[in-house]
Amino acid sequence: MGQLFSFTVWSEILDCCNLSQGITHSRVAELEKSVLLVEADHPGWIQLLQTKQSELLNAVRKRFPEITFTGISFRLMKQ
């Protein structure tokens, strides 16, 4: 499960969803009660990631079939 928080793995997932430019602006922060929490450095990035939410969730599920993911939540990174 440690790979879930890896920069490289998140980069691959974003690339699958045509969001590779988002790697420097977002990261996987937590997995809480089967919900993946993604942080972004600007509200605009959150909005863009939300437009691809279903694709991101499918890519994460495919990469980690042993983990049950029920959704993705987004929040602004703490400064």
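Any read-out appearing in this document is the output of simple, stated calculations on the displayed coordinates, not a laboratory observation. The model shown is predicted, which means the values in this text are computed figures rather than measured ones. With ideal geometry, Cβ positions are generated from the backbone for all residues, glycine too; neighbour counts draw on all protein chains shown.
Points worth noting:
- Nearest 10 degrees, 0 to 90: helix 53-63 Cα axis against the chain principal axis: 40 degrees
- Neighbourhood net charge (14 Å Cβ-Cβ; Lys/Arg +1, Asp/Glu -1) for GLU30: +2
- For the chain, built as a Gaussian network whose Cα springs stay under 10 Å, the top-fluctuating residue of ILE46, ILE13, ILE67: ILE67
- Helix axis angle, 7-16 relative to the chain longest principal axis, alpha carbon, degrees: 90 degrees
- Within the straight-line cut-off of under 18 Å between alpha carbons, the aspartates and glutamates reachable from LYS52 are GLU12, ASP15, GLU39, ASP41, sequence neighbours fewer than 8 places apart in one chain being disregarded.
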